[in-house]
Amino acid sequence: MRKYAEELLPELKKRVIVLRKTHKKVWFANNKPLGWDVLDMRYGSLLVRIESAIEQIGDYLNGTLDRLEELEQERLPFKPTEGLISYANFYDAVVSPSRIAPRA
C-alpha cells in the first residue's frame, strides 16, 4: 500500500499530466476547440481521483482511517449478462459505481 501512495500513484499522476498536455496539442492541431471541454473534465476527474486515492491510502497507513471501505465490498462482475452484446463505453457508466445521471 505504501508503494502505491508514495511511488506508483504519484508517478501515474505525472504521466496523466503529460498525456493530457500532449493530447491537447494534438487535439488543437487537428480539431476545433469544441469537444475538448469534455476531455478536460475527464482528465480533471482522473487527476483528482488519483489525488484522493493517495490521500485515502495515506490516511489508512498513518492510522487516521481504520479501513479502506471500498476494498471490503463484494466485487461485482464487470459484465453480469454473459452472451449479450453490450457496450460500457459511456462515461457515466464507467467513471463510478455510483449513479451519476438517470438513463433514458
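The values are calculated or read from the model by the stated rules, or taken from the named source; none is laboratory data. A quick note: this is a predicted structure, and the numbers were derived from the prediction, not measured. Cβ placement follows ideal geometry from the backbone for every residue including glycine, while neighbour counts extend to all protein chains displayed.
In this structure, does G58 turn out to be touching a helix residue (DSSP H, G or I) at 6+ places or on another chain (Cβ under 9 Å), at pLDDT below 90 and surrounded by 10 or more Cβ atoms within 10 Å (Cβ to Cβ)? In short, no. Scanning the range 5-19 for residues that are touching a residue at least 24 places away in the same chain (Cβ under 8 Å) and basic (K, R) yields a single hit, K13. Within the range 28-38, the set of residues being modelled with pLDDT under 95 and surrounded by 11 or more Cβ atoms within 10 Å (Cβ to Cβ) comprises just one member, W36.
Listed here are the residues, each with its yes/no results for (1) surrounded by 14 or more Cβ atoms within 10 Å (Cβ to Cβ); (2) of a type in the set (A, V, I, L, M, F, W, C); (3) at pLDDT 95 or above.
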| residue | (1), (2), (3) |
| --- | --- |
| M1 | no, yes, no |
| L12 | yes, yes, yes |
| R15 | no, no, yes |
| V18 | no, yes, yes |
| D40 | no, no, no |
| I50 | yes, yes, yes |
| N62 | no, no, yes |
| E70 | no, no, no |
